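A.B. asks: Just passing along the structure, written as structure tokens.
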Amino acid sequence: MADTSAFERFRDIPLTVEAILPGPTVTMADVLDLGVGSVLTTSRALGETVDVVVGDAFFGAGELGETAGRPTIRMVRFSGKQ
């Protein structure tokens, strides 16, 4: 694990973390028909990896999973690390 002491003063800055799931290709009409409760599918299954982005920067890859009935992302690779 890396020495993070130089970043200690930044620990409380909130960051947005997103997992990028590939979705379907849809028409503009399909987008305009979306409403509350609409479902978009993804081609990724549990166990497959997705990109994880923090802010606007690629952060690494995570594996899709499920814990206690809730969707999860388990980090499996970090940007710049082997």
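A.B. asks: Tell me whether the stretch 59-76 contains one or more residues that are among the basic types (Lys, Arg) and touching a strand residue (DSSP E or B) at 6+ places or on another chain (Cβ under 8 Å).
C.D. replies: Looking through the stretch 59-76, at least one residue is among the basic types (Lys, Arg) and touching a strand residue (DSSP E or B) at 6+ places or on another chain (Cβ under 8 Å).
A.B. asks: Something else about it: From the list Thr16, Thr27, exactly one residue is on the phi < 0 side of the Ramachandran plot, loosely packed, with under 11 Cβ neighbours inside 10 Å, of a type in the set (Ser, Thr, Tyr) and in contact (Cβ under 8 Å) with a residue 12 or more places away in the chain. Which is it?
C.D. replies: Thr16
A.B. asks: Any residue in the stretch 55-68 that is on the phi > 0 side of the Ramachandran plot and at pLDDT 90 or above sitting within a Cβ distance under 8 Å of a residue that is among the β-branched types (Val, Ile, Thr) and part of a strand (DSSP E or B)? List the pairs, counting only those 6 or more apart or interchain.
C.D. replies: These pairs meet every condition: Gly60/Val52; Gly60/Val76.
Every residue, every condition in (1) under 13 Å from the mean Cα position of the chain (by Cα); (2) of a type in the set (A, V, I, L, M, F, W, C); (3) surrounded by 12 or more Cβ atoms within 10 Å (Cβ to Cβ), yes or no:
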site	(1), (2), (3)
Val36	no, yes, no
Leu40	no, yes, no
Gly47	no, no, no
Glu63	yes, no, yes
Ala68	no, yes, no
Arg77	yes, no, yes
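A.B. asks: Tally the residues that are surrounded by fewer than 12 Cβ atoms within 10 Å (Cβ to Cβ) and in a strand (DSSP E or B), restricting the search to the stretch 49-61.
C.D. replies: Number of matching residues: 1.
The values are calculated or read from the model by the stated rules, or taken from the named source; none is laboratory data. What you see is a predicted model; the values in this text were computed from it and never measured. Virtual Cβ from ideal backbone geometry, glycine too; neighbours counted across all protein chains shown.
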